[in-house]
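First the structure, in the form of C-alpha cells, and then the observations on it.
The values are calculated or read from the model by the stated rules, or taken from the named source; none is laboratory data. What you see is a predicted model, and the numbers here were worked out from it, not measured in a lab. Here the Cβ positions follow ideal geometry from the backbone for every residue, glycine too, while neighbour counts run over all protein chains shown.
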Amino acid sequence: MNREELNEEKVSGADNAPRQIKPLRKLKRVESRTPAQPEYHGLHEAPSIDISIEGENRKPEPVQEQVYHGLHEKGSEYTEWNDDDDEDFDDEAPEKTKKSKKDALIKLGAIVVSLVTIITLFLNMPILWYKKSGQPDERVSIINYFKRWQPTVDLEGELQKPSMDLNVDTDIVNENFTDGLDLPQLVEGQYTVLFLGFDEDQELTDVIWICQFDIAAAKLHILQVPRDSAVPNYTSNPTTKINSVYYYAWDQESSKIQRVVNCVQENFQIPIDAYVTTTCYDIVDIVDLIGGIPIHLDNEIIYEADKIIPKGDVVLNGNQAEWFVRFRHEWLQGDIGRVQNQRRFMAAAMQKLLSIVKDEGRLKLYSYLNTIYKNKWIATNMSVDDLSKLADFGSTLTMENVAVNMVPGEDAEYVGSDGVLYSIYSIHKRATIDMLNESFRPYQRPLLLSESNIMEFVDEYNYQYDLYDDTGMTFEELEKATEPPRNPDMKPWWKEDD
C-alpha cells in the first residue's frame, strides 16, 4: 500500500451532499502469544514495534535484537569466530596464566616483607622496663629483654661487684683493646665462670672449678680447687675445708653463692664474672640429655657393690657419669686422685661438645642449653645471650687450647675447734701465685704474695713433697692419660683374689 491510495477520496456532484470517503485498510497489530519482556532502551532510542498491514502477504522483516553496549565498547556488529581466532586465543591463555601467577607471587612477597618489617620494628621498640639489682631501670626492646633474661638467677641470686683491685695491665688493655665478644666482663679479654657441684644435701661444694675463657687468645684455662683446701678465715666449720664455705661461711649476711665467690677472689685474686651450680642429680639428667659421654677406662670402677662401670671403651650414661666424677675410694691419693680423674671426664665432655657441633650443628647445642635452662638443671646469673655466646665460643676451641691446672699443695692434718683430727689440703702459696701469674692473669699485672689471703698449714721450708705443684695438662694430653694410681689395700673384699 502506498500513501496516495491511502488518501484517495470520491466527491459527490452537490456541494452539500455528503462526501463518500474510501475506507482505510484496516491495520492490525501483530501480538505474540506470550507477552514479551520489556527491553531496556536508551534515552534517545525509539521502541521497535512489529506492525503488519492486513491484506498484504508481506512477511515482516526480522527485527535485530538490541544489545546494550558500555561506554567504551564497540558497536554491536556481528563478528564471526574462525579457527584462526581460536588458535590465537589459546596461545595467549598460558601467557596470561603465567603473568597472573607471577603477579600473585609478587603480591604475596610484598605482604610477607611488610609483615616481617612490622614485626621486626615492633620487637625492636623499647617498650619493656628492664630491672636489675644495682643498676638503673631502663626501657628495652622485646628482643633485648629476652637476651638479658636470666631464668635461673633466682635460685642463687646476683653477684656483687668485687671490691678488690683488678690490677688491669693497661699496656695490653688500653682504650683500643677489644676481644670481639660482647659480654659483661670485669676485665676485657677474659670471662671467668665459677662452677660448683653440690653433694646430695646441697650443702657442700665437692666440685670447684674456676673456668677462665681467654677470649682474646681463643683459649680456656681451668683451675681445680681441691674440696679439702683449708681456708679457716672463711668457714665456721671445724674442718676448715673450702667445700663448707657455701653453707658454713663466717659471713652470713651475703648470699651463699657470694660467700664462695668472695673466698675464691680473695685467695686466688681471680675476678669472677659469673657462676654455674648444679647437683649430682642434675648431672645425671644433663648427660642423658646429650646422649652420654664416650670415654676409655683402664679398669672397672666400683662405686658401690651394685654400681659398677666396666673397663674399656664405654659411653657413660647419666648415673655412670655421677659415679665416675664422685669416685674416690680406691685412689691412692684420695681426693686428689678424684680431682685428677675428673680431668679425664672434662676432656671427654669437651670432646662430646665438639662432636655435637660438628655432627648436629650449633642449633642442636642451643636446643640442649634451652632444655637445661627450662628444667633448671643448673643455676646461673648468666643471661640467655651470655650463655649462648659462651657456648658458641667454647665450640670453636681445640683440645690443645684447653688446659687444666690444680691448686698446688699437699696433704696435711689439722685438729679442729671440736678437737677432732681432720685430713686437709694445705695450699702451697708461692707455687700457687706463680701458677696464677703464668696461666690465669693474661690481662692483669703480676700477683704479689701479699695480695693473696692464702693461709698455709705447712711452712714452705717444711714441705713434705711438691708432687702437685705442677700438674698442668692440656685436654689433648688428657685424651691419652691413664687413670690415677690405686691403693691395693682399698680393693673391695670380693675382689681381693683378683
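Below, the figures for the structure above:
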{"read-out": "Residue ID - nearest to the chain's Cα centre (by Cα), chosen from residues in the range 407-463 that are more than 22 Å from ILE336 (Cα to Cα) and among the polar types (S, T, N, Q)", "value": "GLN444"}
{"read-out": "Failed criterion for VAL245 (all others in (1) surrounded by fewer than 21 Cβ atoms within 10 Å (Cβ to Cβ); (2) under 21 Å from GLU158 (Cβ atoms); (3) at pLDDT 95 or above; (4) touching a helix residue (DSSP H, G or I) at 6+ places or on another chain (Cβ under 9 Å) hold)", "value": "(1)"}
{"read-out": "Residue satisfying all of: in the range 380-406; acidic (Asp, Glu) and over 30 Å from ALA431 (Cα atoms); surrounded by the fewest Cβ atoms within 10 Å (Cβ to Cβ) among these", "value": "ASP392"}
{"read-out": "Selection from the range 407-422 of residues that are out of contact with any Gly (no Cβ under 8 Å at 6 or more places or on another chain), crowded, with 16+ Cβ neighbours inside 10 Å and of a type outside the set (Ser, Thr, Tyr)", "value": "VAL407, PRO408, GLY409, GLU410, ALA412"}
{"read-out": "Criterion (at pLDDT 95 or above and surrounded by fewer than 21 Cβ atoms within 10 Å (Cβ to Cβ)) met by exactly one of ASP285, ASP251", "value": "ASP285"}
{"read-out": "Condition met for LYS374 (over 28 Å from ARG227 (Cβ atoms), at pLDDT 90 or above, of a type in the set (Lys, Arg) and surrounded by fewer than 17 Cβ atoms within 10 Å (Cβ to Cβ))", "value": "no"}
{"read-out": "Some residue of the range 260-277 being part of a strand (DSSP E or B), surrounded by fewer than 22 Cβ atoms within 10 Å (Cβ to Cβ) and either of a type in the set (D, E, K, R) or at negative phi (or both)", "value": "yes"}
{"read-out": "Residue ID - nearest to VAL276 (Cα to Cα), chosen from residues in the range 235-256 that are touching a strand residue (DSSP E or B) at 6+ places or on another chain (Cβ under 6 Å) and in a loop (DSSP other than H, G, I, E, B)", "value": "THR240"}
{"read-out": "Single condition ASP469 does not satisfy, out of (1) loosely packed, with under 14 Cβ neighbours inside 10 Å; (2) charged (D, E, K, R); (3) under 18 Å from PHE268 (Cα atoms)", "value": "(1)"}
{"read-out": "Options GLU200, GLU188: the member that is charged (D, E, K, R), touching a Cys at 6+ places or on another chain (Cβ under 9 Å) and outside any strand (DSSP E or B)", "value": "GLU200"}
{"read-out": "GLU476, sole failed condition from (1) part of a helix (DSSP H, G or I); (2) closer than 30 Å to ALA349 by Cβ; (3) modelled with pLDDT of 95 or more", "value": "(3)"}
{"read-out": "Matching option when the condition is acidic (Asp, Glu), without any contact (Cβ under 8 Å) to a residue 40 or more places away in the chain and closer than 25 Å to GLU476 by Cα, among ASP288, ASP335, ASP298, ASP306", "value": "ASP288"}
{"read-out": "Only one of ILE356, ILE336 that is surrounded by fewer than 19 Cβ atoms within 10 Å (Cβ to Cβ) and farther than 30 Å from GLU158 by Cα", "value": "ILE356"}
{"read-out": "Boolean, GLY197 is buried (at least 20 other Cβ atoms within 10 Å of the Cβ) and either over 23 Å from MET399 (Cα atoms) or touching a residue at least 60 places away in the same chain (Cβ under 8 Å) (or both)", "value": "yes"}
